[in-house]
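Nothing in this text is a laboratory measurement; each read-out follows from the coordinates by a stated rule. Every value quoted in this text rests on a predicted model; they were computed, and no experiment measured them. All Cβ positions, glycine included, derive from the backbone under ideal geometry; neighbour counts span all protein chains shown.
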Amino acid sequence: MSPDTEPVLEVEDLHKHFGGLKALDGISFCIAPGEILGLAGPNGSGKTTCINAITGVFGLDSGAIRFAGKTINRLPTYRRVRLGINRSFQVPSPFLGLSVMENVTVASVYGGNKKRDPDHILEITGLAQIKDRLAGSLNSSQQKLLDLARALATDPRLLLVDEIGAGLNPNELARMTDQLRALAAQGIALLVVEHLMDFLDRVTDRIVVMDAGKELFSGQLYEAAEDPRVVEAFLGG
Amino acid sequence: MVVAITVLAYVFIPYGYNNQFLLFNMMMYMALAQGLNIIYGYTGYLPFGYVGFFGAGAYGSALVIIYLHWSPFPAVLLGGLAAVLVGMLLIPLFRLSGAYFSIANLAAAEALYYIIANPHLASVTQGPYGISLPQVYDPNAAYWTMLAILVFALILSGLMRRSRFGLALGAIRENPVSAEMAGVNVVRSRAIAWLLSAFIAGVSGAAFGWYISVFYPETVFSLSITVFAIVFVLFGGSGTLLGPLVGTLVLYGAYNYIGISTPQYFQLTYGLLIILLVLFLPSGLTSLLRKRGIDVP
Ligand SMILES: Nc1ncnc2c1ncn2[C@@H]1O[C@H](COP(=O)(O)OP(=O)(O)OP(=O)(O)O)[C@@H](O)[C@H]1O
Ligand SMILES: [Mg+2]
């Protein structure tokens, strides 16, 4: 981690409402290259909405998203992807009717400036042995890995992972921890959305806690656990 | 291979079999099924109003033949472009999902039909009185043109299966949001597939109009054209090159056989067949081969 480098991602005062519900209500944060920022918060606090906003799945009401110094609010998703932003989905969303290899190939062909070798990506995500199987035939932890593989195939500089630890067994969780840390060590900035405090504790030290679309806390993870507002949000939520 | 066999068949069968109109229709439905396959099989959108492109092509080319005295070949191409133009106007329909897209597209085709059949526009479109093209009547030339169109459709569809573009379309069909996340420009890719598909229907409609040379709005905007093409694709198996060909060959063949010898049973037989298919063979005939591990082109 190198806190003095320029942040690769800056989000500022994001607002987004769905009907009468304020899903994002002024959240701001930055992530530096190689940094892993944790994003926690009770159910429905806006974590996934944050990722959707950064990746351009839907537009914002107001606020600014800057990536590598450039405002990207209005870019369509595929352009953001080609700039180097990618994500995994809370509910893994591979192309079920395509093979594992094809899933990764599409992303490596269309997704990045630097072409990543799909075989290499499958190797590092541990999917090489099942590359000819249809994605629809994989179990849910394998689908999560495939989601991650598809993201990595676009050669991202910013990776947003949405509850990738949920549902993994302890072994898988330990591997995932190592994998995310290795990615950060290569200079990729990571936003890790997670409910599992234990997992967050192992992959990151700085976290932002959200509640009702707002920042509730920002700082070291161990301090968050002692912060009365955070404790209340989690117990009350 | 598939292309070569198809071409040979249509080149040589006319020497031994003299129902050229049936062969023409067979080619035409194969081309339409292939065109539909490009948009449905590769992106998952099922256009109930596909015949709108066919009609636009037939009328587009007929009107330039009548008013501008174009010769048939450029007129057929222009028919394709007329369909592409209609297709461009309909691109916003892709904001709709699944069934809504299909129905809106049907409504658009009907609207186009009513515009063309409108007696007030008879001075331009001949309205309900129909089109007659005696000056270019030449079924043989139209037959070979249709064969060329079919070959074009087959090559296009085959390239799609093998190309990066085909892979991107497959990804879009499976999950558009993930496809964007893989860096695919979903809006543009879909539009390209859509317009290619429209073009094939347009040139087919134009060649059909040329072949029969007398037609009415209801002839070239007939819903049964869409229904046939859809059923042929579903029966044979969408997303493959062979499926729509086999589907057309078997079902259109059956249609003519049953329809001619025992017309009273035709609708019943055909109806039953469709129900059985949808229930027991939803991914088409070619899926039987694929289940046995045979790779279907
Ligand atoms: N597309 C949408 N349309 C309507 N409401 C939405 C949409 N997406 C999210 N919401 C609502 O916005 C709020 C924030 O949702 P979000 O998914 O961001 O929460 P989250 O923090 O990721 O929760 P969880 O921990 O359960 O995943 C929720 O109340 C949710 O119902
Ligand atoms: Mg969420």
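A compact table of results
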| read-out | value |
| --- | --- |
| Förster radius 25 Å - calculated FRET efficiency between A:ARG74 and A:THR5, Cβ distance, rounded to 0.05 | 0.45 |
| Relative contact order %, segment B:2-220, counting alpha carbon pairs below 8 Å whose residues are six or more apart | 38 percent |
| Within segment B:148-180, backbone nitrogen closer than 14 Å to the virtual label 7 Å beyond the Cα of A:VAL91 toward Cβ | B:175-178 |
| Calculated FRET value between B:ARG162 and B:ARG188, using beta carbons and R₀ = 22 Å, to 0.05 | 0.65 |
| Footprinting exposure proxy for B:TRP70, B:TRP210 (fewest neighbouring C-beta atoms within 10 Å first) | B:TRP70, B:TRP210 |
| Inter-label distance, nm, simple model (7 Å from Cα along the C-beta direction), B:ILE155/A:TYR222 | 7.0 nm |
| Too-long pairs where the Cα-Cα distance tops 25 Å, listed order kept, from A:LYS47/A:LYS70; A:LYS47/A:LYS131; A:LYS47/A:LYS144; A:LYS70/A:LYS144; A:LYS114/A:LYS144; A:LYS16/A:LYS70 | A:LYS47/A:LYS131; A:LYS70/A:LYS144 |
| Highest-first arrangement of B:38-44, A:119-125, where packing means the average Cβ count within 10 Å | B:38-44, A:119-125 |
| Theoretical ellipticity at 222 nm over chain A - DSSP helices of four or more residues, -39500 (n - 2.57) apiece, nearest 500 | -10000 deg cm²/dmol |
| Between segment B:193-252 and segment A:1-48, the alpha-carbon center distance in angstrom | 51 Å |
| For residues of A:84-93, the mean tally of beta carbons on other chains within 10 Å | 2 |
| DSSP H segments from chain B that extend 18 Å or more along their own axis, Cα-based, with Kyte-Doolittle mean of -0.5 or above | B:2-16, B:20-36, B:51-68, B:72-89, B:98-117, B:139-162, B:186-212, B:223-236, B:242-261, B:263-280 |
| Test item: A:105-112 mean partner chain Cβ contacts at 10 Å | 6 |
| Helix A:170-185 axis, angle to chain A major axis (alpha carbon atoms, nearest 10°) | 80 degrees |
| Extension gain, A:HIS120 back to A:LEU21 (0.36 nm per residue minus Cα-Cα distance, nm) | 31.3 nm |
| Cα coordinate range in chain A, projected on the principal axes (Å, largest first) | 49, 40, 39 |
| B:ASN118/A:SER137 FRET efficiency (R0 60 Å; Cβ-Cβ; nearest 0.05) | 0.65 |
| Karplus-derived HN-Hα couplings along segment A:208-216 (A = 6.51, B = -1.76, C = 1.60, θ = phi - 60°), whole Hz, x at Gly and Pro | 10, 10, 9, 8, 6, x, 10, 7, 9 |
| Fraction of alpha-carbon pairs over 34 Å apart in segment B:2-220 - percent | 15 percent |
| Paramagnetic label zone (point 7 Å from Cα along Cα-to-C-beta, B:LEU223; backbone N under 20 Å) in segment B:35-54 | B:36, B:46-54 |
| DSSP beta bridges in the protein assembly as shown [antiparallel fraction, %, rounded to 5] | 60 percent |
